[in-house]
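**Q** Please see the structure below; I have some questions.
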Amino acid sequence: MQSYILIIGACGQIGTELTYALRAKYGPERVIASDIREGNEDLMESGPFEILDATDYDALEEVVAYYEISEVYLMAAMLSATAEKFPERAWDLNMNSLFNVLNLGKEKKIEKIFWPSSIAVFGPNTPKERTPQSTVMEPSTVYGISKQSGERWCDYYHHKYGVDVRSVRYPGLISWKTMPGGGTTDYAVEIYHRALSQRAYNCFLGENTKLPMMFMNDAIRATMELMDSDAEKIKVRSSYNLAAMDFTPSEIAESIRTHLPDFTISYEPDFRQAIADSWPNSIDDSRARQDWGWRAAFDLERTTGEMLGHLSPRTNEHTE
Ligand code: SER
């Protein structure tokens, strides 16, 4: 039997690229994109699309039944910076959408679930360097609290009800197709756009703020490899640590200067500095490597080459 896939939050930074990648692999008709609002034209025209509020269980159930969905990727969430401004809305979206999807799994209406967690599950008391898979987790942000709770629920639904839910803790994600929105690591995308359009960037994090990061191609591949793995290999049912690179704003600026020598960076930390300070500097992803063979391919140098290479023709068309 061929399976149909539903992506919730398909118009977001990760959802867009995941939709393209899954459509390339399984065929456009087998991958149903959905979001609370319409996305860019390319995405909308690349296959079936549904407007869907993931916190509405009945609406979700209807889409799942109509398309005979067996696999759901729940990419809708309110990210760390926005969630600090709207704590209850963030909790409502991040948790209720997860419960809805987990309950579809519990009721055997779908077979497999992907739900992303984040480095935000860690907090100020977590060891900062090469943060282990299992360690102190006392998140101090609204977003981190929702992701940590989500992890516990995933683990619970797997062990208690046999739900096949799989998850990774994404680091900050760097991509050129779709902008991120409302996150603390968003600076690492904005900086490339500004470097090309203005040759200058005013960073909202301090120059020595080191954070774990990953290029989107690695993130999509990790997601697909995890979902393709045999269920017995997936020993961690909360969420896997995932790593690729880690750098500070001053290091990414240096890497940009190897291509654009006149690029300058200034620093004006805002409320997002405290969020970044509570997160790890680097991540130990040995469990993911061991259990399902994970290995990142993009370092900072390669990421900078990809970002500037893909964004520069666009900047020439329309300057920000
Ligand atoms: N990139 C996210 C954020 O900054 C972390 O998961 O909120």
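**Q** Between Tyr156, Tyr161, Tyr143, which is aromatic (Phe, Trp, Tyr) and surrounded by 24 or more Cβ atoms within 10 Å (Cβ to Cβ)?
**A** Among Tyr156, Tyr161, Tyr143, only Tyr143 is aromatic (Phe, Trp, Tyr) and surrounded by 24 or more Cβ atoms within 10 Å (Cβ to Cβ).
**Q** Here's a follow-up. If you scan region 70-104, which residues turn out to be surrounded by 24 or more Cβ atoms within 10 Å (Cβ to Cβ) and in a strand (DSSP E or B)?
**A** Passing the criteria: Val72, Tyr73, Leu74.
**Q** Sticking with this structure for a sec: Test of understanding: among Glu232, Glu268, Glu251, which residue is free of Cβ contacts under 8 Å to residues at least 12 places away in the same chain and over 22 Å from the mean Cα position of the chain (by Cα)?
**A** Selected residue: Glu232, the only one of Glu232, Glu268, Glu251 that is free of Cβ contacts under 8 Å to residues at least 12 places away in the same chain and over 22 Å from the mean Cα position of the chain (by Cα).
**Q** Additional query: Quick one: would you say Lys109 is assigned to a loop (DSSP other than H, G, I, E, B), more than 22 Å from Pro171 (Cα to Cα) and either touching a Pro at 6+ places or on another chain (Cβ under 6 Å) or at pLDDT 95 or above (or both)?
**A** For Lys109, the condition - assigned to a loop (DSSP other than H, G, I, E, B), more than 22 Å from Pro171 (Cα to Cα) and either touching a Pro at 6+ places or on another chain (Cβ under 6 Å) or at pLDDT 95 or above (or both) - is met.
**Q** Report yes if Val64 is surrounded by 18 or more Cβ atoms within 10 Å (Cβ to Cβ), not small (Gly, Ala, Ser) and not in a strand (DSSP E or B), otherwise no.
**A** Spelling it out, Val64 is indeed surrounded by 18 or more Cβ atoms within 10 Å (Cβ to Cβ), not small (Gly, Ala, Ser) and not in a strand (DSSP E or B).
**Q** Follow-up. For region 180-199, give me the residue count where each residue is modelled with pLDDT of 95 or more and more than 8 Å from the ligand (Cβ to nearest atom).
**A** 13
**Q** Can we say Ile174 is more than 14 Å from the ligand (Cβ to nearest atom) and within 30 Å of Leu260 (Cα to Cα)?
**A** Judged against the criteria, Ile174 is not a match.
**Q** Let me spell it out: the conditions are (1) in contact with a Ser or Thr (Cβ under 9 Å, 6 or more places away or on another chain); (2) free of Cβ contacts under 8 Å to residues at least 12 places away in the same chain, and Glu190 meets all of them except one. Which number is the exception?
**A** So Glu190 meets the others, but not (1).
**Q** Tell me, which residue of region 3-38 that is in a loop (DSSP other than H, G, I, E, B) and touching a residue at least 60 places away in the same chain (Cβ under 8 Å) is farthest from Lys177 (Cα to Cα)?
**A** The extreme case among them is Ser3.
**Q** Here's a check for you: in region 39-52, which residue that is under 19 Å from the mean Cα position of the chain (by Cα) and part of a loop (DSSP other than H, G, I, E, B) is surrounded by the fewest Cβ atoms within 10 Å (Cβ to Cβ)?
**A** That would be Asn40.
**Q** Only one residue in Phe99, Phe86, Phe122 is within 13 Å of the ligand (Cβ to nearest atom) and either aromatic (Phe, Trp, Tyr) or more than 17 Å from the chain's Cα centre (by Cα) (or both). Which one?
**A** Phe122
**Q** As an exercise: evaluate Met137 against (1) under 30 Å from Ile256 (Cα atoms); (2) buried (at least 17 other Cβ atoms within 10 Å of the Cβ) and give the number of the one condition it does not meet.
**A** Among (1) under 30 Å from Ile256 (Cα atoms); (2) buried (at least 17 other Cβ atoms within 10 Å of the Cβ), Met137 violates only (1).
The values are calculated or read from the model by the stated rules, or taken from the named source; none is laboratory data. A quick note: this is a predicted structure, and the numbers were derived from the prediction, not measured. Backbone-built Cβ (ideal geometry, glycine too); neighbour counts: all protein chains shown.
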